[in-house]
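Values in this text are rule-based calculations from the coordinates and carry no lab data. Fair warning: this is a prediction, and the values are worked out from it, not measured in the lab. Using ideal geometry, Cβ is built from the backbone for each residue, glycine included, and neighbour counts are taken over all protein chains shown.
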Amino acid sequence: MKANIYAQIKTIVPLEIDYINFPEGTLGAVVEVYTNPERYAVDLAIPDEHIRRTLQRP
């Protein structure tokens, strides 16, 4: 997967990050792209709260 910075994303599986559960279908945006190894910093929206930044592999 080659994503561009500011690309909108939608999770396809539930995630648990820092004891916060993100259900399938959580919306977010790519904010940083790393090439070696391929990784992406992603901001995920927490409904009715705030945004959490996480580092994800493709």
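Put in line by how crowded their Cβ is, counting other Cβ atoms within 10 Å and starting with the fewest, T35, T11, T26 read T35, T11, T26. Applying the Karplus relation 6.51 cos²θ - 1.76 cosθ + 1.60 with θ = phi - 60° to the range 9-19 yields 3J(HN,Hα) values of 10, 9, 5, 10, 9, x, 10, 10, 10, 6, 6 Hz, where x marks Gly and Pro.
Working note: Karplus 6.51/-1.76/1.60 with θ = phi - 60° gives the range 24-36 the couplings 3, x, 5, 8, x, 9, 6, 10, 8, 10, 10, 9, 9 Hz, where Gly and Pro are set to x.
Residues whose amide H falls under 5 Å from that of R39, counting only those 5 or more places apart or on a different chain, are Y34, with hydrogens built in the peptide plane.
With the simple model of a label 7 Å out from the Cα in the direction of the Cβ, D43 to E16 spans 2.7 nm.
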